[in-house]
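Bear in mind these aren't lab numbers, they're just calculated from the coordinates by the rules spelled out. What you see is a predicted model; the values in this text were computed from it and never measured. Because the Cβ atoms are built from the backbone with ideal geometry, glycine has one as well, and the counts that use them run over all protein chains shown.
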Amino acid sequence: MKNRAIPLRRCIGCNQSKPKEELDRYVIKPFDKIYLYDESGKAPGRGAYVCKGSEECLKKAVKRKRAEFRRD
Ligand SMILES: [Zn+2]
């Protein structure tokens with residue numbers, strides 16, 4: 001049985017819902033089509049989530065969003 005109190009977020013790569021701890025958060029820079037990695041998970045703005053450390057999901061996210069994802 002899963003604990004329903006844990007807030008889930010959906011990975012935009014594989015579309016699976018997971019606890020926030022298992023996802024990397026990215027924040028979109030308006031108008032730029034660039035997502036910046038949000039290490040704190042608290043940066044303001046519209047967030048997107050990708051499975052932590054998953055190259056596969058990141059690639060899918062890039063395709064789906066037609067945007068750039070930056071980790072620096
Ligand atoms: Zn994923």
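A few points about this structure:
- Neighbour-count order for PHE31, PHE69, fewest beta carbons within 10 angstrom listed first: PHE31, PHE69
- Residue exposure sequence - ARG46, ARG10 - by fewest surrounding Cβ within 10 Å: ARG46, ARG10
- DSSP bridge analysis restricted to the chain gives an antiparallel fraction near 75%, rounded to the nearest 5.
- Crossing angle, helix 55-65 versus the chain [Cα axis fit, 0-90 degrees, rounded to tens]: 60 degrees
- Amide hydrogen proximity for ARG9: with H placed 1.01 Å from N in the peptide plane, the residues at 5 or more positions away or on another chain lying under 5 Å are LYS18, LYS20.
- Rounded to the nearest 500, the helix-only mean residue ellipticity at 222 nm of the chain stands at -4500 deg cm²/dmol, with each DSSP H run of n ≥ 4 adding -39,500 (n - 2.57).
- 4 °C / 1.567 mPa s Stokes-Einstein diffusion coefficient of the chain, Kirkwood radius on C-alpha pairs, µm²/s: 105 µm²/s
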